[in-house]
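Each remark here refers to the structure printed beneath this line.
Every read-out reported here was derived from the displayed coordinates using simple, explicitly stated rules and does not represent laboratory data. Only a predicted model underlies this, so the values are computations on that prediction, with no experimental measurement involved. Note that each Cβ is placed from the backbone with ideal geometry, even for glycine, and that neighbours are counted across all protein chains shown.
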Amino acid sequence: MTNDEGPDAMTAEFPYRLVRCGVVMRPDPNDAREAEGVLNPAAAWSPDGRLTLFPRVVAQGNFSRIAAAEVLITDGVPIGVRRRGIALAPDRAFERGSDHGGVEDPRITFVPALGLYLMAYVAFGPAGPRAALASSPDLADWTRLGPVQFRYTDELGVDFNLFPNKDLAFFPDPVPGPDGTPCLAFLHRPMWELPGQQVELPTGITDPRAAIWLSYVRLADAVADPEALLRPFGHREIARAEADWEHLKIGGGPPPVRVPEGWLLLYHGVSGIISDNPFEPQRNVHYAAGGLLLDADDPSRVIARTATPLLTAQTVDERVGIVANVVFPTAIVEIDGALFTFYGMADEAIGVARIEPKESS
C-alpha cells in the first residue's frame, strides 16, 4: 500500500537542477476570461510539429477554463505564446456548481500505445475538485471521457470517489502493474477532508496530509476501450511530505518523463499556513518545487528525492500575484534535445525553466 522508499532516497544526491529562463505568458488585460490569472499549464507537441501550451485561465470569481496557445521559441528557448482560444470550458454538470465552476490545472500526456493525447484535469463541480479525463488524437478536438471512478479495494478499506482529488498525470509508456501485467499508470493526490466529518484514513495510512498516489489501468483494457481509463485499480501511496519545506502537503507536477536514471517526476511541496476554505485566497503559504526519481521498472518505488527544493519563489513574478510565493510545475517538454518545465508563478503568470543535469553546473 505504501511505497517501499529506499533508505537513502531523501539524502541521495539528486542529479538534476532547474534554471529559470523567464516568463512566457501573462494575463491579457483586455480579456475578461484571464482577469484572475493564467497559470498551471499542460504542454505537448502536436502532430504537425507545433508546441502548444494549455494554460488554466481564470475569470472573475475563480471561474476557470483551459485555453490553448502556440509556444514561440527562439534559439531553442520558449519566449512567449500566440493565443489560440479555449480548448475546454466548464460546460458539463460535473464541472459546475451552483455558484462556481471550473476546469483546472491540466496535464497532457501523449500515449503512443493508444495513439491519443490524454488530458487529466480537475473538474471543480458541485462536490468540489474531482479528477476527470479528456482525450484527443491531435490536440485540437477534445472528447470528454468523464470523471474518474476509482475502483474500490477492500485492502485499503476506503472509497476514493468520496474525496477531492487533484494533480492527475499519466505516464506516457506502459509500466508493470501490481501483478506484472502491462498497465497505463497515473499519479494523483487524494485529500482526506470532508466538511463536518471525521474521516477514516485508508488501511495502513497514518498521515492525513495529502500525498502522491499511483493507480493503474490494464493496457489491454484501455486499448479495447479508452473509457477503461476511468476505472483505475491498485491504488498505492508512493510519497508523502517529509521535509520542512513541504510540511503541509505534497502533490505531483508534470507527467513523468523517462531519463537515464528512471522516471523523473517534479512535484510541489507546501509550507506555511493554509485555509480550509477553497474559495478563500491563500495568503500565508509557500509552494516550492522538488524532484523524485522513480524506478524504471516499478514506478511505485522512489529511488532518489530532493532534500531541498529545486525551485522556490524568488522573483517578483513568483512572490507577488493572485497567491503569493508560488512556483507550481505542471508540464515538461523536450526542445532541441533539452528538457524544459512550464510552471505557474504566484497563480497569475507562467514561467519556464530548463531541466539540467547537475554536472553541467
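Annotations for the structure displayed:
- Taking θ as phi - 60° and the Karplus parameters 6.51, -1.76 and 1.60, the scalar couplings of segment 48-62 work out to 8, x, 9, 8, 10, 9, 10, x, 7, 10, 10, 8, 4, x, 6 Hz in sequence order, x denoting glycine and proline.
- A cut-off of 5 Å between modelled amide H atoms, ignoring neighbours fewer than 5 places along the same chain, links Lys249 with Val270.
- The reciprocal of the average 1/r between distinct C-alpha atoms defines the Kirkwood hydrodynamic radius, which for segment 150-251 equals 14.5 Å.
- For segment 63-88, the residues whose backbone nitrogen is under 15 Å from a point 7 Å from the Cα of Ile335, taken along Cα to Cβ, are 69-83.
- Relative contact order, whole percent, for the chain stands at 19, derived from Cα pairs under 8 Å and 6 or more residues apart.
- Considering only Leu219, Val81, Ala353, and ranking their Cα positions along the charge dipole of segment 16-360 that arises from unit charges at the beta-carbon of Lys, Arg, Asp and Glu, the one farthest toward the positive end is Val81.
- Hydrodynamic analysis of segment 295-341 uses the Kirkwood radius over alpha carbon pairs. Inserted into Stokes-Einstein at 20 °C and 1.002 mPa s, it gives a translational diffusion coefficient of 158 µm²/s.
- Estimated [θ] at 222 nm from DSSP helical runs (n ≥ 4, -39500 (n - 2.57)) normalised by residues in the chain, nearest 500: -500 deg cm²/dmol
- Spatial separation of Cα centroids for segment 45-65 and segment 315-337, in angstrom: 15
- Our coupling estimate for segment 162-175, obtained by passing each phi through the Karplus curve with A = 6.51, B = -1.76, C = 1.60 and θ = phi - 60°, is 7, 10, x, 8, 9, 6, 5, 7, 7, 6, x, 10, x, 10 Hz, Gly and Pro reported as x.
- Projecting label points 7 angstrom from Cα along Cα→Cβ for Asn161 and Thr308 puts them 4.6 nm apart.
- Nonlocal amide H pairs with Phe150, under 5 Å, H built at 1.01 Å: Asn161
- Alpha-carbon centroids, segment 78-131 and segment 17-35: separation in whole Å: 18
- Using a Förster distance of 56 Å, the FRET efficiency for Asp138-Val316 (Cβ separation, nearest 0.05): 0.90
- For the pair Arg258 and Ala296, the difference between a 0.36 nm per residue extended length and the Cα-Cα distance amounts to 12.9 nm.
- Debye log10 I(q)/I(0) at q = 0.11 Å⁻¹ for segment 1-138, Cα point scatterers: -0.52
- Per-residue HN-Hα couplings for segment 322-334 [Karplus 6.51, -1.76, 1.60; θ = phi - 60°; Hz; x = Gly/Pro]: 4, 10, 5, 6, 10, 10, 9, x, 9, 8, 10, 9, 9
- Virtual spin-label span in nm between Asp99 and Glu356, 7 Å along Cα→Cβ: 4.9
- Taking amide H as placed 1.01 Å from N in the peptide plane, the amide H of Cys21 sits under 5 Å from that of Val352, Ala353, Arg354, each at least 5 places away or on another chain.
- Residue-normalised convex hull volume from the C-alpha trace of the chain: 131 Å³ per residue.
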